[in-house]
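Here the structure is laid out as structure tokens; the discussion comes afterwards.
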Amino acid sequence: MKSKQHADERQLKLKTAFETYCDMVFRLALSRTRNQTYADDILGEVFLKLTENIGKLESNEHIKAWLIRVTINCSNNYLKKICRENAFPNEDIPVFDDPEFGEVYYAVLALPENYRTAIHLYYYEDLTIKDISIILNQSESATKMQLKRAKEKLKSTLGDNYNVC
């Protein structure tokens with residue numbers, strides 16, 4: 001009886017994690033790969049790994065941090081595999097109806113990968129600099145510098161029409 005209850009709790013935890021963090025994982029994978037198909041593949045891979053590791057993760061914060069780290073790692077591995085196969089990603093980026101949103105989105109996608117990731121985690125996932133530095137395994141000052149440089153690049157790309165905080 002206890003193993004059935006444990007399996008039910010595990011299933012509920014997985015379902016909750018998927019419903020809560022599915023969009024976050026997809027957006028981060030899309031931000032890293034710039035390709036919807038690759039992002040879909042990474043999403044599946046990340047949640048497959050979660051099913052194998054859900055018992056080791058204690059809290060929602062732990063699950064979120066784990067998912068971000070695994071998404072970054074899976075994205076990196078996917079991109080390395082593509083480069084080895086000499087099959088570079090198509091620019092399969094979604095088209096947005098709102099031109100302002102599209103312009104900012106494309107400007108963020110044009111940033112170097114490390115800047116893109118820092119911007120995504122800070123603005124889209126509302127993580128603190130401390131949390132980002134832990135996830136990216138770097139110092140807080142390195143994270144602050146990435147954000148500063150990314151904002152400078154965005155400001156030069158977007159011009160004065162946008163307030164880059």
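Values for this structure:
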{"read-out": "Solvent-accessible area, 1.4 Å probe, carbon plus sulfur percent, for the range 1-66", "value": "53 percent"}
{"read-out": "Inter-part distance where the range 100-154 and the range 8-50 are each reduced to a Cα centre, Å", "value": "20 Å"}
{"read-out": "Accessible solvent surface per residue of the range 1-60, calculated while the other protein chains remain in place, 1.4 angstrom probe, Å²", "value": "62 Å²"}
{"read-out": "List 34, 27, ordered by accessible area with a 1.4 Å probe, largest first", "value": "27, 34"}
{"read-out": "With all protein chains modelled, accessible area of residue 38 [1.4 Å, Å²]", "value": "40 Å²"}
{"read-out": "Two-site label geometry, residue 22 and residue 56: point separation in nm, points 7 Å out along Cα→Cβ", "value": "2.5 nm"}
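The values are calculated or read from the model by the stated rules, or taken from the named source; none is laboratory data. Given the structure is predicted, the values throughout are model-derived calculations rather than measurements. Cβ coordinates were reconstructed from backbone atoms using ideal geometry, including for glycine residues, and neighbour counts include every protein chain displayed. Heavy atoms of the whole protein, side chains included, go into the accessibility calculation; ligands, DNA and RNA do not. Shrake-Rupley method; radii C 1.70, N 1.55, O 1.52, S 1.80 Å.
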